[in-house]
Amino acid sequence: MDTINNKYTQAFAKYNTDLDDSQIKKEVTNLLNKHLEENRTLEVKKFLFGSIELTSLKPTDHDANIIRMVEKVNDFDDKYPHLPHVATICVYPNFAGTVSESLDVDGVEIACVSGSFPSSQTFIEVKIAETALAIKDGATEIDMVLPVGKFLAGDYESVSDEIEEIKAICGEKKLKVILETGCLESAKNIKKASIIAMYSGADYIKTSTGKEKISATPESAYVMCQAIKEYFNETGRIVGFKPAGGLNTVEDAITYYTIVKEVLGEQWLTNELFRLGTSRLANLLLSDIEGEEIKFF
């Protein structure tokens, strides 16, 4: 165990994990005060629309309502040919086949939440089976929840092992690791969780499931983006970023865009590296872009 602890101590030592929450809040406030206004443009809003992961993760979901959502995506290009389509459709694993069979648009990914979403509390064998079945049925991306309880207990080895095992099942399919930042208690823990997730194979790190009281915040996004940048500088590997949960307004979307732009830079401003986990923003952004209230999705 000492060797294991030393392994993670050495990894953390390469990064600045000694973060002060009040200082992070000040830095985020200053960043947004300085740069937010310059990003309130039509082009930014169009880009943000094209980064949306259109999501349905309700206990009431069934094949018919998932198909209706997919058909909206299929129809979008004809109705709004001057706008990008959404980046992804995100559903529970049992609907991967439904989406795959219904989706006609090229370039839209099929993401499935997997591994006992949203709690991550089950056997690793169950998580592996669920992930494998989702991929077999057509999922092109997997969103898994970091085992938060194990992380908070300091069992970093088990956390890393689980992510590595799920990534092995994903193969070349992209894996997003959801940190559930609202449960991590501090900026220091968010930074450490980001590092473990990336070193264990995450292709994206994602803030939240949207099922907890505290979801994405500008402060958690700022810390995660700092971690991605430092990890890139250390390893040369590019990891994407996805805020999710609590994205309720166009202002929220522009806020996260601003953080990504200022911390990570232009290289991350593509819908392959920056995603927005939300459905309610689709109609809000579309209405803002078109200058009238639209309820398309």
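Condition check for residue 273 on (1) open to solvent by less than 40 Å² (accessible area, probe 1.4 Å); (2) in contact with a helix residue (DSSP H, G or I) (Cβ under 7 Å, 6 or more places away or on another chain); (3) of a type in the set (A, V, I, L, M); (4) modelled with pLDDT of 95 or more: one failure, at (2). It is to be established whether one or more residues within the range 187-200 are assigned to a loop (DSSP other than H, G, I, E, B) and either over 14 Å from residue 19 (Cα atoms) or open to solvent by less than 30 Å² (accessible area, probe 1.4 Å) (or both). Yes: the range 187-200 contains one or more residues that are assigned to a loop (DSSP other than H, G, I, E, B) and either over 14 Å from residue 19 (Cα atoms) or open to solvent by less than 30 Å² (accessible area, probe 1.4 Å) (or both).
This table checks each residue for (1) among the charged types (D, E, K, R); (2) more than 20 Å from residue 53 (Cβ to Cβ); (3) not in a helix (DSSP H, G or I).
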{"position": "202", "(1), (2), (3)": "no, no, yes"}
{"position": "205", "(1), (2), (3)": "no, no, yes"}
{"position": "209", "(1), (2), (3)": "no, no, yes"}
{"position": "212", "(1), (2), (3)": "yes, no, yes"}
{"position": "221", "(1), (2), (3)": "no, no, no"}
{"position": "225", "(1), (2), (3)": "no, no, no"}
{"position": "228", "(1), (2), (3)": "no, no, no"}
{"position": "231", "(1), (2), (3)": "no, yes, no"}
{"position": "234", "(1), (2), (3)": "yes, yes, no"}
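The residues in the range 75-86 that are open to solvent by 30 Å² or more (accessible area, probe 1.4 Å) and in a helix (DSSP H, G or I) can be counted, and the count is 4.
The residue that is most open to solvent (accessible area, probe 1.4 Å), among those in the range 34-65 that are hydrophobic (A, V, I, L, M, F, W, C) and out of contact with any Cys (no Cβ under 9 Å at 6 or more places or on another chain), is 42.
When the range 147-172 is limited to residues that are out of contact with any helix residue (DSSP H, G or I) (no Cβ under 6 Å at 6 or more places or on another chain) and in a loop (DSSP other than H, G, I, E, B), the one that is farthest from residue 238 (Cα to Cα) turns out to be 153.
Here the condition is being in contact with a helix residue (DSSP H, G or I) (Cβ under 9 Å, 6 or more places away or on another chain) and more than 24 Å from residue 240 (Cα to Cα); of 67, 110, 52, 24, it holds for 67 alone. As a summary of the residue check, residue 120 satisfies the conditions (1) within 28 Å of residue 172 (Cβ to Cβ); (2) in contact with a Pro (Cβ under 8 Å, 6 or more places away or on another chain); (3) not in a loop (DSSP other than H, G, I, E, B) except for the one numbered (3).
Could you look through the range 271-295, keep only residues that are basic (Lys, Arg) and outside any helix (DSSP H, G or I), and pick out the one that is farthest from residue 205 (Cα to Cα)? That would be 295.
Count of the range 105-141 residues, restricted to those that are open to solvent by 10 Å² or more (accessible area, probe 1.4 Å), of a type in the set (A, V, I, L, M) and over 16 Å from the mean Cα position of the chain (by Cα), is 8. Is it the case that the range 87-104 has a residue that's surrounded by 17 or more Cβ atoms within 10 Å (Cβ to Cβ) and among the aromatic types (Phe, Trp, Tyr)? For the range 87-104, residues surrounded by 17 or more Cβ atoms within 10 Å (Cβ to Cβ) and among the aromatic types (Phe, Trp, Tyr): present.
The values are calculated or read from the model by the stated rules, or taken from the named source; none is laboratory data. Note that the coordinates shown come from a computational prediction; the quantities given were computed from them, not determined experimentally. Here Cβ is always computed from backbone atoms with ideal geometry, including for glycine, and neighbour counts include all displayed protein chains. Areas reflect the complete protein model, heavy atoms only, side chains present, ligands, DNA and RNA absent. Shrake-Rupley method; radii C 1.70, N 1.55, O 1.52, S 1.80 Å.
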